[in-house]
1. Which of the listed residues, A122, A138, Y157, is farthest toward the dipole's positive end in the chain, when Lys, Arg count +1 and Asp, Glu count -1 at the beta-carbon?
2. Might you tell me the accessible area per residue for the chain, computed with a 1.4 Å probe and given in Å²?
3. How are the alpha carbon pair distances in the stretch 12-139 distributed across 10 Å bins from zero to the largest one, expressed in percent?
4. Quickly estimate the mean residue ellipticity at 222 nm for the chain, helices only: each DSSP H run with n ≥ 4 gives -39500 (n - 2.57), and the total goes over all residues, rounded to 500.
5. How about K115: which aspartates and glutamates have a C-alpha closer than 19 Å to its C-alpha, ignoring those fewer than 8 places off in the same chain?
6. Find the relative contact order for the stretch 12-75 and round it to a whole percent, using C-alpha pairs within less than 8 Å whose residues are 6+ positions apart.
7. In percent, how large is the relative contact order of the chain, given Cα pairs closer than 8 Å and 6 or more residues apart?
8. Once you charge only the Cβ atoms, +1 for Lys and Arg and -1 for Asp and Glu, what is the size of the charge dipole of the chain about its Cα centre, to the nearest 20 debye?
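The values are calculated or read from the model by the stated rules, or taken from the named source; none is laboratory data. As the structure is a computational prediction, the values presented were derived from the model and not from experiment. Glycine also receives a Cβ, built like all others from the backbone with ideal geometry; neighbour counts cover every protein chain displayed. We work out accessible area using only protein heavy atoms, side chains counted, and drop any ligands, DNA or RNA first. Shrake-Rupley method; radii C 1.70, N 1.55, O 1.52, S 1.80 Å.
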Amino acid sequence: MVTHLPKPKACSIALVDAIVAERASGRNATFFNGLAAEWRKRIKYYIAEHGNPETVPTWSKATDRRTSFLTLYNTPRKDSSQLPILNQLRDRTLRFCPSCGEEGTPNTLDHYLPKEQFPHFAITPLNLTPMCDICQGAKGTKTTDKSGRRMFLHPYYDEFLASQVVHLTIGRPFSAPNDFFLKPSPDLPNELFELVDRHINGLEMECRYSKFFRDEYIRLLRLSQEARDAGDDVRKDIQKFKRMHEMRAVNLWPHIFYDAVVKNQELLDYLANGDLPAML
Ligand SMILES: [Zn+2]
């Protein structure tokens with residue numbers, strides 16, 4: 001699930017100034033000089049609004065000259081100001097996708113506000129987050145739902161992501177559960193509950209992660225059997241696993257899975273005393 005990320009160090013507004021200065025004598029000098037003040041203003045507004053597509057408008061001057069902006073992102077010059085910043089954002093030190101929690105280094109940079117509709121944010125560091133290919137494919141150029149409400153969580157700005165925002169329910173029968181239901185945390189205020197719900201659905205998480213939950217559940221059955229065979233306390237072992245995953249990040253899937261197990265007394269009873277499947 002989504003993880004809060006520290007904001008990039010590079011200043012989004014200073015980068016505009018540097019780019020305009022670099023173009024002072026080039027082919028696009030008049031174009032960039034002419035819109036520099038407005039460009040800065042729009043980035044300040046993005047920052048003030050936390051990139052919210054419900055309130056940040058598109059800009060026809062930028063969409064009319066989309067290619068001039070997209071070139072800054074797609075083919076930056078070697079000596080350009082944006083290249084080292086883009087390289088740093090792509091430094092691949094993260095070990096999971098901040099938008100879905102998929103394990104592994106995210107392959108791509110996502111434009112939170114898509115560069116097609118918002119080309120003037122194509123190189124804005126605060127609009128660029130690492131993302132896995134599957135999330136990027138599911139997100140595409142979507143920003144809001146039919147009612148105009150934003151669909152996706154923003155890893156830099158949605159600070160409530162420091163707490164657990166998704167809960168899992170494991171369906172019966174406990175010997176071989178087929179259903180794993182994901183829901184936003186019931187502790188969230190209504191507005192954030194609905195936002196998390198749109199994010200889960202927008203990135204097709206329930207269906208993407210059902211196999212992960214099934215595999216994790218089979219491991220849990222095996223661990224429980226082993227603990228029982230060794231005369232250990234199954235409940236204590238499960239708490240230990242939960243704490244281990246919690247220390248890494250509360251919104252990563254292994255923690256969400258174990259959190260669901262420890263909160264389910266009936267399931268804990270089954271794992272400690274029930275008839276576990278024989279083929280384990
Ligand atoms: Zn992802």
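1. With unit charges placed on the Cβ atoms, the residue in question is A122.
2. Here the per-residue accessible area is 50 Å².
3. Each 10 Å bin holds this share of Cα pairs: 12, 43, 33, 10, 1.
4. -14500 deg cm²/dmol
5. Straight-line reach from K115, under 19 Å: E38, E49, E54, D64, D133, D145.
6. Taking the mean separation of contacting Cα pairs over the length of the stretch 12-75, I get 24 percent.
7. Rounded, it is 19 percent for the chain.
8. Magnitude of the dipole: close to 1220 debye.
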